[in-house]
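Visitor: Let me begin by handing over the structure; questions about it come next.
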Amino acid sequence: MNIIKISIYFIKSLIRFFGKGLTNLFKLLTIDIGNKVNLRLPLNIRGNGKIKIGDNSVIHERVFLNCEGSIVLGNENVLEKKSTFLVRTKGKLVTGERCGFGKNLMLRIDHGEWSFGNNVSISPNCMIFAREKNCEGKLTIGSGVSISDYCTLDVCDDIEIGNDVALGHNVTIFTHNHDYSNHDLPAWKGGLNLASVKIGDNSWIGASVTIMPGVNIGERAIIGSGAVVTKDVEPFSIYGGIPAKKIKSTQPHD
């Protein structure tokens, strides 16, 4: 009896395996693939949206592309193993050239239009999506940006990251907070307060920094590791601590 059950399970598994393979093959035929693109099978492709892959790009095995909206990848993009891209019906992702996306990264767009510049590097295990339901902002990343491992970008409201910005590992950017004023409700169930975050060009955000909603970080600012940034940061300055405070200015002198 067990042999029969195992045999049935094995046959069903083979059917599912080949069925997925045929589905992915069909989906590959619908993608606009540029010249000299290296597709390393197997891939997991779902959805009826538009996917365009630029010239000389590399899509590693077990990348998951679930697109109902639009994904347009520039030339020489690299998607590492097991990276996941979920783009809903009204979502759109456009990347520049020479962008890299690390292993186990998860990026989800529900209805926003997100754009990345050239030479953007997003390291493994980053999580980029709106962390609350029924809200989503626009994510704009400039050129020459480096986002290290395990960073979390909460895109409930807009996030704008300028050119040549570096985010150390485990940085968290929040664009939402909870209204805790109604004492008849749990502190985290009183509704959302949303506010955008902006990081100026050439800034350096240290490891394990938390940036709270509504913060603007000025050009070429430096945030020390472990800081919690609750207020605007002046350009050409160093901040650190909890909450982050100005340590000194780095403003160049004439």
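The values are calculated or read from the model by the stated rules, or taken from the named source; none is laboratory data. Remember, it's a predicted structure, so these values are computed and weren't measured experimentally. When we count neighbours, we look across all protein chains shown, and the Cβ atoms used for this are built from the backbone with ideal geometry, even at glycine. Heads up: the accessible areas ignore ligands, DNA and RNA and are worked out on the full protein's heavy atoms, side chains in. Shrake-Rupley method; radii C 1.70, N 1.55, O 1.52, S 1.80 Å.
Visitor: Evaluate the Debye formula for the range 188-241 with equal point scatterers sitting on the alpha carbons, no solvent, and hand back log10 of I(q)/I(0) at q = 0.24, 0.29, 0.30 Å⁻¹, in q order, two decimals.
Guide: -0.86, -1.16, -1.22
Visitor: Could I ask something else about it? By how many degrees, between 0 and 90 and to the nearest 10, does the Cα long axis of helix 2-30 differ from the longest principal axis of the chain?
Guide: So the inclination is approximately 70 degrees.
Visitor: Another question about this same structure. Could you please tell me the mean projected area of the C-alpha convex hull for the range 81-215, averaged over all directions and given in square nanometres to one decimal? Walk me through the numbers before you get to the answer.
Guide: Numbers: hull surface 31.9 nm².
Mean shadow area of the hull around the Cα atoms is 8.0 nm².
Visitor: Roughly to the nearest percent, how much of the accessible area of the range 141-225 is carbon and sulfur, given a 1.4 Å probe?
Guide: Numbers: 1770 of 3810 Å².
Accessible surface attributable to carbon and sulfur in the range 141-225 totals 47 percent.
Visitor: Run the paramagnetic zone check for LYS103: 7 angstrom along Cα to Cβ, then residues of the range 47-71 with backbone nitrogen under 20 Å.
Guide: Residues 58-65 fall inside that zone.
Visitor: In addition: Over 21 Å between Cα atoms: which of LYS36/LYS92; LYS92/LYS138; LYS52/LYS82 fall into that group?
Guide: Working: LYS36/LYS92 24 Å; LYS92/LYS138 10 Å; LYS52/LYS82 19 Å.
Result: LYS36/LYS92 exceed 21 Å.
Visitor: Assuming R0 = 41 Å, what is the FRET efficiency of ILE33 and HIS178, from their Cβ-Cβ distance, to the nearest 0.05? Can you show the working numbers first?
Guide: Working: r = 44 Å, r/R0 = 1.07.
Computed FRET efficiency for ILE33 and HIS178 comes out at 0.40.
Visitor: How much mean residue ellipticity at 222 nm does the chain get from its helices, if each DSSP H run of length 4 or more adds -39500 (n - 2.57) and you divide by all residues, to the nearest 500 deg cm²/dmol?
Guide: Values: 1 runs with 29 residues, N = 254.
Helices in the chain give a 222 nm mean residue ellipticity of -4000 deg cm²/dmol.
Visitor: Quick one: work out the % antiparallel among DSSP beta bridges in the range 124-254, nearest 5. Please report the intermediate quantities before stating the final value.
Guide: Working: 7 of 33 bridges.
Around 20 percent antiparallel, to the nearest 5.
Visitor: So, one more: Quick check: with the 1.4 Å probe, what order do MET127, MET106 take by accessible area, largest first? Walk me through the numbers on the way to the answer.
Guide: Values: MET127 65, MET106 35 Å².
Of MET127, MET106, the descending order of accessible area is MET127, MET106.
Visitor: So, one more: Scaled to the compact-protein estimate 2.2 N^0.38 Å, what is the alpha-carbon radius of gyration of the range 137-244, rounded to two decimal places?
Guide: On the way: Rg = 14.0 Å, N = 108, 2.2 N^0.38 = 13.0 Å.
In units of the globular-protein estimate, the range 137-244 measures up at 1.07.
Visitor: Write down, largest first, the equivalent ellipsoid semi-axes of the range 108-186 in whole Å, where each equals the square root of 5 times an eigenvalue of the alpha-carbon gyration tensor. Show your work: numbers first, answer last.
Guide: Working: eigenvalues 137, 40, 21 Å².
Semi-axis lengths for the range 108-186 are 26, 14, 10 Å.
Visitor: At each listed q (0.16 Å⁻¹), what is the log10 of I(q)/I(0) that the Debye formula gives for the chain modelled as equal alpha-carbon point scatterers?
Guide: Debye curve over Cα of the chain, log10 I(q)/I(0) at q = 0.16 Å⁻¹: -1.12.
Visitor: If you don't mind, another one. If I model a spin label at THR230 and LYS133 as a point 7 Å from the Cα along the Cα→Cβ vector, what separation in nanometres do I get?
Guide: With each label placed 7 Å out from Cα toward Cβ, I get 3.1 nm.
Visitor: Right, something else. I want the local charge near SER196. Using Cβ-Cβ distances under 10 Å, sum +1 for each Lys or Arg and -1 for each Asp or Glu among the other residues.
Guide: Values: positive: LYS138, LYS198; negative: ASP157, ASP158, GLU160.
Its environment carries a net charge of -1.
Visitor: Tell me the Kirkwood radius of the range 91-142: reciprocal of the mean inverse pair distance over distinct alpha-carbon atoms, in Å. Could you put the intermediate results ahead of the total?
Guide: Working: mean 1/r = 0.0863 Å⁻¹.
Hydrodynamic radius (Kirkwood, Cα pairs) of the range 91-142 is 11.6 Å.
Visitor: I'd like the accessible area for ASP149: 1.4 Å probe, protein heavy atoms, all chains in place, Å² to the nearest 10.
Guide: 60
Visitor: Considering the zone a paramagnetic label at THR250 would reach in this model (a point 7 Å from Cα along the Cα-to-Cβ line), which residues of the range 204-220 have amide N under 15 Å from it?
Guide: Label zone hits: 204-207, 217-220.
Visitor: Accessible surface of GLU97 in the full protein assembly, 1.4 angstrom probe, to the nearest 10 Å²?
Guide: Surface accessible to solvent at GLU97 totals approximately 70 Å².
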